[in-house]
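Accompanying notes for the structure given below.
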Amino acid sequence: MKASDLLVAALESEGVEYIFAVPGEENLDLLESLRTSSIKLILTRHEQGAGFMAATYGRLTGKAGVCMATLGPGASNLATPAAYAALGAFPLVIITGQKPIKSSKQAQFQIVDVVSLFRPLCKAATQIVNGNRIPSLVREAFRSAEEERPGAVLLELPEDIAGEDTSEAVIPPHARRYAVAGDTALDEAARRIAAAERPLLLIGAGANRRRASRALRRFVEQTQFPFFVTQMGKGVVDESADLYLGTAALSSGDYVHCAIKRADLIVNIGHDVVEKPPFFMEPDGKTVIHVNYKAAEVDQVYFPQLEVIGDIAQSVERLGQRLEGKLDCDRTYYYTLHEEIAVHVQKGSHDTRFPMVPQRVVADVRRVLAPKDIIALDNGIYKIWFARNYIAHEPNTVLVDNALATMGAGLPSAMMAAMLSPGRRVLAICGDGGFMMNSQELETAVRLNLDLVVLILNDAAYGMIRWKQDQLGFPDYGLTFGNPDFVAYAQSYGAAGHRIERSDDLVPILNIAFESGGVHVIDLPVDYSENKKVLIDELGARVCTF
């Protein structure tokens with residue numbers, strides 16, 4: 001058997017459905033092996049598109065997504081998706097090509113040390129130097145990528161190794177057991193929670209796994225635990241609950257931080273310091289309990305006093321058993337704050353100004369989408385507005401990157417969600433800056449016959465940085481640009497294009513786009529003057545009332 005055939009057989013054994021790729025000549029043996037396999041090749045227009053789609057596959061399924069590129073520039077274009085997977089904890093296997101390693105007549109043409117380049121970004125990075133090693137290396141790559149904490153793994157397949165003969169057999173996947181937290185830690189956690197007068201629950205990115213979400217929903221319903229979430233924890237528990245206290249979109253000064261100040265104990269379930277801090281710990285402050293698959297990574301602002309380490313779903317279930325039902329604690333302030341937040345979020349939700357203000361955009365998107373429909377956010381100031389104002393009802397219905405926070409991932413992520421969730425509305429929400437970084441993937445979306453709507457928030461600037469520039473008192477400089485005609489641009493790829501010209505048009509045009517199917521791009525002018533007014537001035541003047 002040819003080594004590239006063995007590699008594909010090993011990938012099939014791992015249950016790989018898709019490979020997202022921009023192949024090069026060093027991948028041609030592998031490409032030929034894929035041609036006759038059960039794996040579907042998804043050709044993208046840039047390696048970043050391939051990497052972001054594969055990482056999002058991993059995020060949504062729990063199984064490692066796979067992407068492929070050639071050597072040199074093809075491989076280096078996957079560095080950002082590798083970092084995206086590493087910080088976001090998304091299982092990803094990257095396969096890159098390389099010139100022949102036994103003999104080559106091209107000197108150093110296109111050659112960079114890809115394995116060394118990726119080692120800081122990956123859980124493992126290995127060059128395959130013998131075809132007989134493929135089964136063990138593939139099995140180890142998927143085990144490492146998928147186990148907690150998930151991340152990226154790189155395999156480099158040189159051109160001559162891909163073509164050599166091998167007689168090795170595939171190593172099939174093996175069942176994994178989840179580590180269970182010890183009774184001593186669970187008993188102590190339950191004792192401290194029961195003794196607290198104003199306990200508060202934080203749900204972070206690590207809890208956004210299917211098994212963990214089900215367990216957490218039962219736990220919150222049983223205990224009536226007041227809770228808030230990080231951006232990447234949105235939807236793990238239904239945010240329409242009376243004890244939901246908001247998303248920590250800002251590190252301090254928001255409504256939810258009044259609840260944090262009021263609490264005497266915070267249970268952090270699935271929190272990871274790669275996310276922007278949801279609150280700042282102080283040495284003589286409240287008790288913090290860390291519940292996660294892995295031990296806490298101690299940071300200046302995060303150093304929990306008690307850790308419960310093991311499978312989150314089992315830890316939460318066993319904590320619930322020890323607490324024996326509804327917590328005996330004072331929820332009065334939390335209920336009051338919940339009502340204040342609900343009123344605050346509604347402000348601006350019917351504002352008729354045009355260009356549209358962010359509050360109205362968020363409210364209109366929520367009006368159009370059902371609880372299980374999906375939004376995929378690129379990165380920009382609008383991400384804060386959606387984190388604070390958008391009520392999520394189901395896990396993984398708000399795909400946001402609050403770890404690497406890279407621009408350009410929103411569209412490929414939404415494309416992957418649309419492929420995996422037929423029948424559900426999927427909306428990519430991108431700033432004009434982020435959209436243009438991988439806008440060429442519109443062609444891929446059209447070619448794949450996806451049902452997908454892309455909402456471009458158009459302010460002709462890198463709005464987040466422009467806002468920060470203003471916060472620091474610097475003159476407005478260097479952050480504005482011109483845009484193409486997005487309607488004509490969409491049409492040039494075979495997608496439908498729409499332009500919003502008054503605020504009352506957004507809801508009907510979104511509905512028309514979703515109902516008609518196919519790929520649609522909507523150009524929406526936005527007014528970000530509310531950023532300073534609400535997120536700086538109003539929140540800065542707010543005083544927590546206890």
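The table for this structure:
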{"item": "Trypsin sites (Lys or Arg not before Pro) within region 50-121: DSSP coil, no more than 13 neighbouring Cβ in 10 Å", "result": "102, 105"}
{"item": "Residue 140 versus residue 332: modelled label distance in nm, points set 7 Å from Cα along the beta carbon direction", "result": "6.1 nm"}
{"item": "Spatial separation of Cα centroids for region 231-285 and region 525-546, in angstrom", "result": "19 Å"}
{"item": "Mean-position separation - Cα centroids, region 15-38 and region 61-98, in angstrom", "result": "15 Å"}
{"item": "Cβ-based exposure ranking for 318, 366, 502, in which fewest neighbours within 10 Å come first", "result": "502, 366, 318"}
{"item": "Gain upon complete extension [residue 113, residue 448; 0.36 nm per residue less C-alpha separation]", "result": "117.2 nm"}
{"item": "For the chain, alpha-carbon Rg and Dmax in angstrom", "result": "24.2, 76"}
{"item": "Simple spin-label estimate for residue 504 and residue 191 in nanometres, 7 Å along Cα-Cβ", "result": "6.4 nm"}
{"item": "Listed peptides 265-276, 300-311 by packing density, highest first (mean Cβ within 10 Å)", "result": "265-276, 300-311"}
{"item": "Ascending count of other beta-carbon atoms within 10 Å, so fewest first, for 188, 148", "result": "188, 148"}
{"item": "Cysteines (scope the chain) whose Cβ has no counterpart Cys Cβ under 4.7 Å", "result": "67, 122, 329, 430"}
{"item": "Extension gain from residue 280 to residue 147, taking 0.36 nm per residue of separation minus the Cα-Cα distance", "result": "45.0 nm"}
{"item": "Relative contact order for region 183-339, counting Cα pairs under 8 Å that sit 6 or more residues apart, in percent", "result": "31 percent"}
{"item": "DSSP-defined beta bridges in the chain - what % are antiparallel, rounded to 5", "result": "5 percent"}
{"item": "Calculated FRET efficiency for the pair residue 537/residue 45, C-beta based, R₀ 51 Å, to 0.05", "result": "0.75"}
{"item": "Over the chain: helical MRE at 222 nm, DSSP H runs n ≥ 4 each giving -39500 (n - 2.57), nearest 500", "result": "-11000 deg cm²/dmol"}
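Laboratory data are not the source of any read-out in this text; all were calculated from the coordinates shown. Treat the numbers as computed from the prediction; the structure is a model and nothing was measured. Please note: Cβ atoms are built from the backbone with ideal geometry, for glycine as well, and neighbour counts cover all protein chains shown.
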